[in-house]
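Reviewing the structure listed below.
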Amino acid sequence: MTYILSIETSTKNCSVSLSLNGETISTREAFEDGYSHAEKLHVFIEEVLKESEIEFSKLNAVAVSQGPGSYTGLRIGVSAAKGICYALSIPLIALDTLEILARELSVNDDVVVPMIDARRMECYTAIFSSDFNLIREVKSEIINEESFSEIENKIHFLGDGASKCKEVLKGDKFIYHDEYVFPSSKQMGNLAFEKYKKSDTVNVAYFEPFYLKDFMITTSSK
């Protein structure tokens, strides 16, 4: 039996799940504008283990959403995951945040574009086929009238960056889904289990989140 703890903190959704052989058996998550991940994350970890009656020592691995996303959110999630892996001497599995988000949607024959808001008209995006194969790599993109013009299929947008596309991309080709869908640890269990079986893990000591953009410090106008 393989127990994997999954942690997703790349956006406003703080999410923790426990999976058994790739099947999610317990989840705790909360969406808040205030980014209260530091307060909630460890509570959620304890709750999913307690609900499943699993001790920390029974964990076989920890999976973490690697980004892109919120600088602070990613740091909190990765730090917690690495701490557990160090303490238990278990492997760390890194999963792409945009693939996690894409798997919140099921479509036939079209393409899926998960979008995470990156300020102004910029989004973190990638393009996936209906069976979640990566068509175009993860990148930071400024949305304009020419965005995704190379895609002939219908395009399904989801995530908190999708609303930016509505302003400039119109027509039957573009299909918009709930912009308040966020990456969730519920989608991580099977992905993590497949990587675990192949020993596709990262170095706990040297792993860093995939920020995609440098952290920007803003100063108060007051």
*Give 191, 169 a once-over and let me know the one that is in the same structural domain as residue 48 (by TED's automatic domain parsing) and either in a helix (DSSP H, G or I) or without any contact (Cβ under 8 Å) to a residue 40 or more places away in the chain (or both).*
191
*What is the residue count in the stretch 22-74 for residues that are assigned to a helix (DSSP H, G or I) and farther than 11 Å from residue 8 by Cα?*
18
_Subset of the stretch 177-200 that is surrounded by fewer than 19 Cβ atoms within 10 Å (Cβ to Cβ) and of a type outside the set (D, E, K, R) - its residue that is farthest from residue 110 (Cα to Cα)_ = 199
*Checking residue 140 against (1) in a strand (DSSP E or B); (2) surrounded by 17 or more Cβ atoms within 10 Å (Cβ to Cβ), the condition it does not meet*: (2)
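Residues are listed down the side, and each one gets a yes or a no for (1) closer than 27 Å to residue 27 by Cα; (2) in the same structural domain as residue 192 (by TED's automatic domain parsing); (3) touching a strand residue (DSSP E or B) at 6+ places or on another chain (Cβ under 6 Å); (4) not charged (D, E, K, R):
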position	(1), (2), (3), (4)
81	yes, yes, yes, yes
109	no, no, no, no
126	yes, no, yes, yes
139	no, no, no, no
161	yes, no, yes, yes
*Scanning the stretch 90-107 for residues that are part of a loop (DSSP other than H, G, I, E, B) and in contact with a Ser or Thr (Cβ under 6 Å, 6 or more places away or on another chain), which turns out modelled with the highest pLDDT?*
91
_Condition first: without any contact (Cβ under 8 Å) to a residue 60 or more places away in the chain and touching an Asp or Glu at 6+ places or on another chain (Cβ under 7 Å). Now tell me which residues in the stretch 67-121 satisfy that._
117
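The values are calculated or read from the model by the stated rules, or taken from the named source; none is laboratory data. What you see is a predicted model; the values in this text were computed from it and never measured. So basically every Cβ, Gly included, is an ideal-geometry build from the backbone, and we count neighbours across all protein chains shown.
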